[in-house]
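Values in this text are rule-based calculations from the coordinates and carry no lab data. Because the structure is predicted, anything quoted here is derived from the model rather than measured. Reconstructed Cβ throughout: ideal geometry from the backbone, glycine too, with neighbour counts over all protein chains shown.
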Amino acid sequence: MARIAIVGGGVIGTMHALEAIRRGHDVIHLERDAEPRKASVRNFGLIWVSGRAPGRELELALRARERWAEIAQDVPAIGFRPDGSLTIANRREELDVIEELCGDENAAARGVRVLTRAEVRARNRAVHGDVLGAMLCEKDAIVEPRSVLPAVRAFLASSARYTFCPSRTVLEASEGFVRDHTGERHDADLVIVCAGADLTTLAASHFASAPLKRCRLQMFETSPLMERVHTAIADGDSLRYYPAFRTPAAVRLPRADPIVERFGMQLLVAQRDTGALTIGDTHAYDEPFDFWVEAAPYEHLIDRAESILALKLPPIARWWAGVYTARTDDDDVWYHGDVEPGVITVTGLAGRGMTLSPAVAEVTLDRVGL
């Protein structure tokens, strides 16, 4: 049995804590905020298998999907819903890409198939708009992003082997211990730094040469919609974004709208357990990031969602931006770094953190022999 210090209370750090406890280890878990409030809670809560690249990324996504269903058995408050997703095609070229993906060797593993217009409406009665067809992915699922972390921590707290320390900024991590901003030392056999997009507070010299970049996203949430939206929804712009859709037919996709290109946009829609809709998103990589949120992307996303659902959306209740970290190369799905003996870091999952984190945590502990 080992004592593991985990730095970072987001979904990646929390899933590492869960996996460590599951394997019989002790965990001291430190988070700089009173409650995590960055990318892990500023997202759609999508467990997204459909868009993952074939090979290692898809294998991790499928394993993570299994783990999310298992976690939900122990922690129902995460709000896990195996609702699946629809990726909507409005053009023949978009449907061609979808048909190619649904005809490849990984289609059965992904749980994807092509739906006609009539089948789309039978699968999700909220889609009233004029669509050509869609890809259904039965493996995609939804969790409640603002419920996952406190719910899992509450479950872990039932173990005498887990301690959560909020409002602690870790300033030093070395072999055998971490030290937080209060001066308190926390001894550990292994330190796992899961600091998300914070690349300057801890292990800054290590991150300076790591193949990492940051991405800023915008999204919003509506007031509750009384109608049930039976799946997550993506639009045809997702075909340009997710690696699974890099099929031969993808070269024939028409150029995206100028506003889509400018903001790196795609439409994603996920319904919360309250009935509210989380809608987005944008992608910006050039730092320094703006401190404001732009109105134009929201207007475009509202138009796209309303055209697919054929209804006027409820009023926007809140809007926000978030930042995550991604790799700058294709050497791996995420970044695993050895900072020094006994100290490792896990980050760089980009927008895949919510989806992949349970499987990544398994890989991390396997790598260190725990």
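With 10 angstrom as the radius, rank Cys194, Cys165 by how many other C-beta atoms surround their C-beta, starting from the fewest. Mind showing how you got there, number by number?
Details: Cys194 29, Cys165 16.
By the 10 Å Cβ count, ascending: Cys165, Cys194.
Which whole-number percent is the relative contact order of the chain (Cα, under 8 Å, 6+ apart)?
Values: 809 pairs, mean separation 96.6, N = 370.
Averaging sequence separation for qualifying contacts and normalising by length gives 26 percent for the chain.
Show me, for the range 260-277, the HN-Hα J-couplings you get by feeding each phi into the Karplus relation (A = 6.51, B = -1.76, C = 1.60, θ = phi - 60°), rounded to Hz, glycine and proline as x.
5, 5, 4, 9, x, 9, 8, 8, 10, 10, 9, 8, 7, 5, 7, x, 5, 10
Under the classification rounded if a/c is under 1.5, otherwise prolate if a/b is larger than b/c and oblate if not, where does the range 7-51 fall, given a ≥ b ≥ c as square roots of the Cα gyration tensor eigenvalues?
Details: a/c = 3.94, a/b = 1.28, b/c = 3.08.
Cα axes put the range 7-51 in the oblate bin.
Name the lysines eligible as straight-distance cross-link partners of Lys38: C-alpha to C-alpha under 22 Å, and not fewer than 8 places from it in the same chain.
Correct list for Lys38: Lys213.
Under 5 Å between amide H atoms, partner at least 5 residues away or on a different chain: which partners does Ile6 have, H built in plane at 1.01 Å?
Those qualifying (amide H under 5 Å, at least 5 residues apart or on another chain) are Ile28, His29, Leu30, Ile192.
Using 0.36 nm per residue, how much length does the chain from Ala77 to Asp290 gain when fully extended, once their Cα-Cα distance is taken away? Kindly include the intermediate steps, with their values, before the conclusion.
On the way: separation 213, 0.36 × 213 = 76.68 nm, distance 3.48 nm.
Here the segment from Ala77 to Asp290 would lengthen by 73.2 nm.
Please work out how much length the chain gains when fully extended from Phe177 to Arg23, using 0.36 nm per residue of separation minus the C-alpha to C-alpha distance, in nm with one decimal. Intermediate results must be reported in sequence, preceding the final value.
Numbers: separation 154, 0.36 × 154 = 55.44 nm, distance 2.08 nm.
Using 0.36 nm per residue and subtracting the Cα-Cα distance, I get 53.4 nm.
Among Ala5, Ala69, Val323, which residue has its Cα furthest toward the positive end of the charge dipole of the chain, with +1 on Lys/Arg Cβ and -1 on Asp/Glu Cβ?
It is Ala69.
How big is the antiparallel share of DSSP beta bridges in the chain, given as a percent to the nearest 5?
70 percent
Give me the number: length gained by fully extending Glu105 to Asp338, i.e. 0.36 nm times residue separation minus the C-alpha to C-alpha distance, one decimal in nm.
Values: separation 233, 0.36 × 233 = 83.88 nm, distance 3.59 nm.
Between Glu105 and Asp338, full extension yields an extra 80.3 nm.
Once a ≥ b ≥ c are taken as the square roots of the eigenvalues of the Cα gyration tensor of the range 216-310, is the result rounded (a/c under 1.5), prolate (a/b larger than b/c) or oblate (a/b not larger than b/c)? The partial results should precede the final answer.
Working: a/c = 1.98, a/b = 1.20, b/c = 1.65.
Oblate shape, in that a/c is at least 1.5 and b/c is the bigger or equal ratio.
Where does each of Phe155, Phe207, Phe289 land when they are ranked from fewest to most other beta-carbon atoms within 10 angstrom?
Working: Phe155 18, Phe207 21, Phe289 13.
Sorted ascending by nearby Cβ count, the order is Phe289, Phe155, Phe207.
Here are some values of Rg and Dmax of the Cα atoms in Å: [x] 20.4, 67; [y] 19.8, 58; [z] 20.5, 63. Which one was computed from this structure?
Looking at Rg and Dmax of the Cα atoms in Å for this model, the match is [z].
What residues from the range 284-319 fall in the zone where the backbone N is under 18 Å from a label point 7 Å along the Cα-to-C-beta line of Thr200?
Only 285-292 pass the distance filter.
Arrange Leu239, Leu115, Leu311, Leu101 by Cβ neighbour counts within 10 Å, fewest through most, would you?
Numbers: Leu239 29, Leu115 22, Leu311 14, Leu101 26.
By the 10 Å Cβ count, ascending, the order reads Leu311, Leu115, Leu101, Leu239.
If amide H atoms are built 1.01 Å from N in the plane of the peptide, which residues on other chains or at least 5 residues away come under 5 Å of the amide H of Ala89?
Under 5 Å from the amide H of Ala89: Leu132, Gly133, Ala134, Met135.
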